[in-house]
Amino acid sequence: QLQLVESGGGLVQPGGSLRLSCAASGFSMSYYAIGWFRQAPGKEREMVSCIKLNGGSTNYADSVKGRFTISRDNAKNTVYLQMNSLKPEDTAIYYCAAKFYTCSGDEGAYPYWGLGTQVTVSS
């Protein structure tokens, strides 16, 4: 069974930081690009960031550029999203998703998804 599990979400004050983790089981992440998506209440799901299979190419949404950093540790079969300078607008359920090789902004291109982790930014 192929599975992705997100963790690390929670409550944080504006300006604070969180690190999300996406752990894979049942398959190796070595040949997969991993994307982070988020969905806020009443909003469409959007891509936040993506990392190519070798970690050499990354993408970020304009809204998080300079604040979020995506990284991967294939030996641990885990991808991370370091989120700094968090804003209330970052409040959402965050999902990780996997597809072969290269990143895509189209959520339909990702066949494997986690169930999400809640991030709430509030004072």
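Whole number in Å², please: accessible area per residue of the chain, 1.4 Å probe, ligands, DNA and RNA not counted. Walk me through the numbers on the way to the answer.
Numbers: 6240 Å² over 123 residues.
Spelled out: the 1.4 Å probe surface of the chain, per residue, equals 51 Å².
Count the net charge of all other residues whose Cβ sits under 14 Å from the Cβ of G108, scoring Lys and Arg as +1 and Asp and Glu as -1.
So the environment of G108 carries a net charge of -2.
What are the aspartates and glutamates whose alpha-carbon lies under 20 Å from the alpha-carbon of K99, with same-chain residues fewer than 8 places away excluded?
The reachable aspartates and glutamates, counting only those whose Cα sits under 20 Å from K99, are E6, E46, D73, E107.
Identify all lysines with a Cα-Cα distance to K43 below 21 Å; exclude those on the same chain that are fewer than 8 residues away in sequence.
Those lysines meeting the cut-off are K65, K87.
Can you list residues from other chains, or at least 5 along the same chain, whose modelled amide H is less than 5 Å from the amide H of K87?
G15
The values are calculated or read from the model by the stated rules, or taken from the named source; none is laboratory data. These figures come from a predicted structure and were not determined experimentally. We place every Cβ from the backbone using ideal geometry, glycine too, and count neighbours over all the protein chains shown. Accessible surface areas use protein heavy atoms only, side chains included; no ligands, DNA or RNA. Shrake-Rupley method; radii C 1.70, N 1.55, O 1.52, S 1.80 Å.
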